[in-house]
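Engineer: What follows is a structure written as structure tokens; I'll ask about it next.
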């Protein structure tokens, strides 16, 4: 279902897309990136109503955006353009309401929406099984758990929609709180049924209690101790104000702990990962884009920094950064059967 | 019974007296004394009682002494008193005495220098003192072998100070002679000999002030200050020389001259000023040293200018300059070079003297808080109005140290700016954004004020590029959408 673009290429694209909203609040870049993500999203082959998650992400995006805008307006009382004032006696929200905070809230909402639609695109384009397949053998148990967790929400939503449609077909009308049990009880029983099916499926695939205990990795204990040392080092580094080394140590601790706690699974593949021209195109453009976004800023000013406080200025726009974002539209051009 | 009661009463009175004395002696002295503060007032009152009938003052014997009289004139001028009005019963003032005896000092360029300096300070012309040209007497008294005016570095320093007071520039050789007389430990000796160990604090302090007055020998001045610092005793006073080291015993005259040298060089002399005040007797006079606690006319006359933080030569206002860089929220930069006459000013003074529109508010023990500069910031009644949420904006205060801006940890009123220092203010919630500048650039006006960080480069073609890219994305997205919805044939 992933067309001509394989999961690795999509993963690269997704990582590249989410870096910018996390590092910049330049509204021009965020707007362009949002357009790019939407272009890629709507270029994907049409899915069935049950699996197409765009409405869900649109709802979540809209909700988070409204929350972000409202939160900024009510809690940030800084800026040169005051449009209203709440009584100063009100805790937290009391004070000047500024256009600066409103604009910052809109920009933040745009960043959140971009990440959400990028996630929707990634979810739609890539099968979870392909993602689990990408993981090394030692992380397969973690991958299975993550895969089940990733599937949980969409499956529950799909089940909820089925129940709602079925009840309506029977003539039931949802009017208020009293009608909730008519929806919740079948949803729970469906969930339990699905859990039983899942456990049986896992059992038959050798993940259950009756499975042969997997041999612990040879250096499991060493890896666990190393992970603990990394955690202590991370805490010390962060406590002393060295955030970057601290985060790197924390990341290392996570990786070591994962490897240390995972069993070894010998895996065979019937179908090797296919690197089609589309996959190569998307991977190459993503790599170029991520290089520009991460490294070109140290050579030239890409105008990623932008703030609406204390006054609203017009944002900068570097053509080089714009080109990097344009490269991310490559999945729209790629052939997807 | 009566005896016992009286005995107790006496013991109680003695205890109370001791307690009062203890409290009085432990009260810390103020570092800067105002001219009308009691220690100065009573010292001047005491000085006036020492005037002879001919208007003179004498530290040694009964006969009038031009040197001591010149010292008193300098002290009176420093305290803002016109010496011509300090007269005896028959109307003679110290100026009258010096004028009448100017002819007698022409043979000694050092003494002529001291008298000329005093007369210049009092507003008289040293080139025509009852027909005597004291400046000519100084320059004519040049020793062709040593290059000194007079017989040594001490007289030479006084002569140079007198020339500075009269606005006369000595030739380079005269300043070179003084620089060449510096001993390797940074000191100068009265005779001008450069043998190690012969230097003294008095000649060194005079030499430093002479060099500063002629804007020469920065390195030599620094070395001289180092030498003076090495002579500070445990109470903060300065000893005459290092001969009694390590048991140094400071004296009033040496401490006073050292204070003047420190102030002239832009150094902090507050600890020495506090020590100097301890040399005052209850009657107002100062004594030379703890083991010679008698009232001393010379000590009193030489101490007063130092307590008033006045340097030699009087009347030569040496302008000092401090720099100021202000960065506003939009990135615009304001550069100022502020001139001042005092030895130092604080950060708030620098800001207010810059002529910028500044509003402030009291900030507890830290002095004043700066609320707004040039209209940017907060009102005085809510000085940190934009700092209560994230991002927190307020005026951050920085000082330029070794070319790097460092945020100052205390209030601007706690900061002491000497000649050449530079302060910075930035309206920011994050980085200061202040550029590194030099005072020479500020004073020369070679740094151009930067206007608001500019929208010019973000207009026109920039946004056209953005619009073009956005349109391209829409076209590609539309193409992708149409292709994905096309039914297979």
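FYI, it's all coordinate maths here, none of it is from the lab. Here the structure is a predicted model, which means the values were calculated and not measured. In this analysis, Cβ positions are derived from the backbone assuming ideal geometry, glycine residues included, and neighbour counts consider all displayed protein chains.
Engineer: Mind pulling the angle between the C-alpha long axis of helix B:66-78 and the longest principal axis of chain B? Nearest 10 degrees, somewhere in 0 to 90.
Structural biologist: The helix B:66-78 is inclined about 40 degrees to chain B.
Engineer: So what is the relative contact order for chain A, in percent, with contacts set as C-alpha pairs under 8 Å and at least six apart?
Structural biologist: 32 percent.
Engineer: Okay, next question. Give me the orientation-averaged projected area of the Cα convex hull of chain A, in nm², one decimal.
Structural biologist: 24.1 nm²
Engineer: Still on this structure, I have one more. Using Cα-Cα distances under 8 Å and only pairs 6 or more residues apart, what relative contact order does chain B have, in percent?
Structural biologist: After rounding, I find 11 percent.
Engineer: Here's a follow-up. Sticking with the crude label model, points 7 Å out along Cα→Cβ, report the distance from residue B:474 to residue A:75 in nm, one decimal please.
Structural biologist: 3.5 nm
Engineer: Show log10 I(q)/I(0) for the protein assembly as shown at q = 0.09 Å⁻¹, two decimals, from a solvent-free Debye sum over equal Cα scatterers.
Structural biologist: Summing over Cα pairs of the protein assembly as shown leads to -0.99.
Engineer: Can you tell me the order of B:164-170, A:189-195 when each peptide is scored by its average per-residue count of other Cβ atoms within 10 angstrom, highest first?
Structural biologist: Working: B:164-170: 18.1, A:189-195: 13.0.
In descending order of packing, they fall as B:164-170, A:189-195.
Engineer: How large is the Kirkwood hydrodynamic radius of segment A:1-160, counting all unique pairs of alpha carbons, in Å?
Structural biologist: 17.9 Å
Engineer: Once you average over the residues of A:311-317, how many Cβ atoms of partner chains fall within 10 Å of each Cβ?
Structural biologist: The mean count of partner-chain Cβ atoms within 10 Å per residue comes to 6.
Engineer: Let me ask you something else. What percent do you get for the relative contact order of segment B:131-241 when only Cα pairs under 8 Å and 6+ apart count?
Structural biologist: 22 percent
Engineer: Springs between alpha-carbon atoms under 10 Å, Gaussian network over chain A: tell me which of A:311, A:141, A:168 tops the mean-square fluctuations.
Structural biologist: A:168
Engineer: Put a dot 7 Å past each Cα toward the Cβ at residue B:60 and residue A:238; how far apart are the dots in nm?
Structural biologist: According to this spin-label approximation, the distance is 7.8 nm.
Engineer: For residue B:195 and residue B:359, what is the calculated FRET efficiency with R₀ set at 51 Å and r taken between the beta-carbons, to the nearest 0.05?
Structural biologist: That pair, residue B:195 with residue B:359, gives E of 0.30.
Engineer: Inside 10 Å of the C-beta atoms of B:464-472, what's the mean count of C-beta atoms belonging to other chains?
Structural biologist: Mean number of neighbouring Cβ atoms from other chains: 5.
Engineer: Quick one: among A:31, A:149, A:303, which has the greatest mean-square fluctuation in a GNM of chain A with alpha-carbon springs under 10 angstrom?
Structural biologist: Maximum fluctuation in the GNM of chain A, among the listed residues, is at A:149.
Engineer: Round to the nearest 0.05 the FRET efficiency obtained for residue A:82 and residue B:381 when R0 = 22 Å and r is the Cβ-Cβ distance.
Structural biologist: Approximately 0.85, to the nearest 0.05.
Engineer: Under the Kirkwood approximation for Rh and a Cα-based Rg, what ratio Rg/Rh is obtained for segment A:145-198?
Structural biologist: Value, to two decimals: 1.04.
Engineer: Give me the distance between the Cα centres of segment B:267-291 and segment A:85-100, rounded to whole Å.
Structural biologist: When both Cα centres are located, 58 Å separates them.
Engineer: Moving on to the next point. Between 0 and 90 degrees, rounded to the nearest ten: what's the tilt of helix B:153-166 against the longest Cα principal axis of chain B?
Structural biologist: Approximately 60 degrees, to the nearest 10.
Engineer: Mind giving me the nanometre distance, one decimal, between the label points for residue B:222 and residue B:483, set 7 Å out from Cα along Cα→Cβ?
Structural biologist: The two pseudo-label positions are separated by 7.1 nm.
Engineer: Averaged over peptide A:323-334, how many Cβ atoms belonging to another chain are found within 10 Å of each residue's Cβ? If you can, show how the numbers build up before the last one.
Structural biologist: Values: counts 2, 0, 3, 5, 0, 1, 7, 1, 1, 10, 4, 1.
Mean inter-chain Cβ contacts per residue within 10 Å come to 3.
Engineer: Could you work out [θ]222 nm for the protein assembly as shown from helices alone, using -39500 (n - 2.57) per DSSP H run of at least four and dividing by all its residues? Round to the nearest 500 deg cm²/dmol.
Structural biologist: Calculated at 222 nm, the ellipticity per residue is -16500 deg cm²/dmol.
Engineer: Rg/Rh for segment A:75-141: what does it come to with C-alpha atoms and Rh from Kirkwood?
Structural biologist: Reported Rg/Rh (Cα atoms, Kirkwood Rh): 1.38.
Engineer: While we're here: What's the exposure ranking of B:46, B:395, going from fewest to most Cβ atoms within 10 Å? The partial results should precede the final answer.
Structural biologist: On the way: B:46 18, B:395 25.
Ascending Cβ contact count within 10 Å gives the list B:46, B:395.
Engineer: Sticking with this one: Taking the C-alpha atoms of chain B, how large are the radius of gyration and the largest Cα-Cα span, Dmax, in Å?
Structural biologist: 31.3, 135
Engineer: Give me the percent of DSSP beta bridges within the protein assembly as shown that run antiparallel, rounded to the nearest 5.
Structural biologist: On the way: 39 of 44 bridges.
Expressed as a percentage, antiparallel bridges in the protein assembly as shown total about 90.
Engineer: When you count, for each residue, the other Cβ atoms within 10 Å and take the mean per peptide, how do A:115-128, B:296-309 rank with the highest first?
Structural biologist: Going by the mean number of other Cβ atoms within 10 Å, highest first, we get B:296-309, A:115-128.
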